[in-house]
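S.K.: Below is the structure I would like to discuss, written out as structure tokens.
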Amino acid sequence: QNFIYLPCPASPHTFPASLRLTKTTKLSTMAEFVLTPQIKALALRSLGELRGETVFIVSAETSKPIKVNPNGSVTANGGLGPHARFRVRRGDRPHRLGPVVRFENVATGKFLAIKGGHLTVGGGGEHCEFIVQMAQMAVFLKKHNNPNARVGFNPNGQPVPANTLGDGSRGRFFIFDCDQVVQPRGPSAAQQQQRAAAAAQQRAQQQAQQATARAMAQQTQAEFVLTPQIKALALRSLRDLKGETVYIVSAETSKPIMMMPNGNVNANGGLNPMSLFRVLRGDRPHRLGPVVRFQNFATGQFLAIKNGQLTQGGGGEHCEFIVEMAQMAVFLKKHNNPNARIGFNPNGQPVPANTLGDGSRGRFFIFDAAQVQALPRALPQAHAVPAHQPHIPQ
């Protein structure tokens, strides 16, 4: 297959303040890449926007660039040095999912490759060809001759077996034009307006969160009482959700799910931040219902089912749940294994996820926090916190 080699201008040696450098005398592998919101805004929406030839490929899971180490191993804990830079070699035949490219490492001359189901390096042959499939701001990097195999990393920066990845953050990446990140061009008027709007939204979000924190500090002991009047407020559908935060109330304990600072999850919560969850919606619904992630307001961690047990996670595929309606209640089933679901015993302790039937132990009522706040002894309006990431409709 023929590839077009794009010429690259010399890389400048000046850096914006948002990129912290441990050495400023030269560009080195010690330079740290910091994925700030300002830098993330520079992510390419398509490879057609690439002005130069070299890119950083930044993992959504680690917030660090992919790098090829001198021993040939590939990790996602790179910096701004040549080991974390890749030349983009474009193929002459696009795939239906996106353009086909090869990524040649600047430092080693080797190409990213998937061989035998594992991420490694290669000489530039068919194992090194990847489809760049857009996924909103991020991309998936899928092997051209086997799109079920894709590049991905665990939170520690080590690669994940290529055939085991879903659509979570472990397999998502942001691609940056090295010339843009190292020496950003001036934004257009439209970009300036977008950034100003984003900054205003961020300030409003911070103010709302501060107000929420003050209110919560005064009411962390408030008790949630599942009266018939309150039960009538349970959401019939996530489309009814006006705000972003919810209480997830167990039908077995009549109390909200809460996440403790040590990571334990129980169903003995109250009207406090450990019982509030942000709803982050997925972009592909399941036949049983919408797919969402629940991020705990107090800890920032997500509800997760791992190895058949309810726990917390960082937001990857183990944290994706199908919300299946069951009359007034819902079942919360793991997206990649609907036989596993969330459930609690009467004492509020979790039940092994694969042992639950359709009884009250695995049923829940979901309440919009903005609705509950209007009731006596509930949280104030500040809990209708603006979304801190793009809203993804069902």
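S.K.: If the convex hull of the alpha-carbon atoms of the range 74-119 is projected onto planes in all directions, what is the mean projected area in square nanometres?
M.R.: Result: a mean projected hull area of 4.1 nm².
S.K.: Mind ordering 34-47, 163-176 by average Cβ neighbours within 10 Å, highest first?
M.R.: 163-176, 34-47
S.K.: Now for a different question. Working only with C-alpha atoms, what are the Rg and Dmax values of the range 221-299, expressed in angstrom?
M.R.: 13.1, 39
S.K.: For Lys64, enumerate residues with amide H under 5 Å from its amide H, sequence gap 5+ or separate chain, H modeled in the peptide plane.
M.R.: Sorted by chain and number, the residues that satisfy this are Ser59.
S.K.: Collect residues whose amide H, placed 1.01 Å from N in the peptide plane, falls under 5 Å from the amide H of Asn146; neighbours closer than 5 in sequence don't count.
M.R.: Close amide H contacts, sequence-distant or interchain: none at all.
S.K.: If you don't mind, another one. Which residues' amide hydrogens lie under 5 Å from the amide hydrogen of Gln309, considering only partners 5 or more residues apart or on another chain, with H built in the peptide plane?
M.R.: Those lying under 5 Å, H to H, from Gln309 are Ala353.
S.K.: Taking every pair of distinct Cα atoms and averaging 1/r, then inverting, what Kirkwood hydrodynamic radius in Å comes out for the range 57-168?
M.R.: Over the range 57-168, the inverse of the mean reciprocal pair distance is 13.7 Å.
S.K.: Could you sort 116-122, 59-65 so that the peptide with the highest average Cβ count within 10 Å comes first and the rest follow in order?
M.R.: 59-65, 116-122
S.K.: Taking the highest mean first, how do the peptides 260-273, 80-93 order by number of other beta carbon atoms within 10 angstrom per residue?
M.R.: Highest-to-lowest ranking by the protection proxy: 80-93, 260-273.
S.K.: Still on this structure, please answer the following. Looking at the range 92-165, which trypsin sites (Lys or Arg not before Pro) are in a loop (DSSP not H, G, I, E or B) and have at most 11 other Cβ atoms within 10 Å?
M.R.: Those that pass, being in a loop and sparsely packed, are Arg96.
Values quoted throughout were computed directly from the atomic coordinates according to the rules given, and no laboratory measurement underlies them. Source: prediction; values computed, not measured. Please note: Cβ atoms are built from the backbone with ideal geometry, for glycine as well, and neighbour counts cover all protein chains shown.
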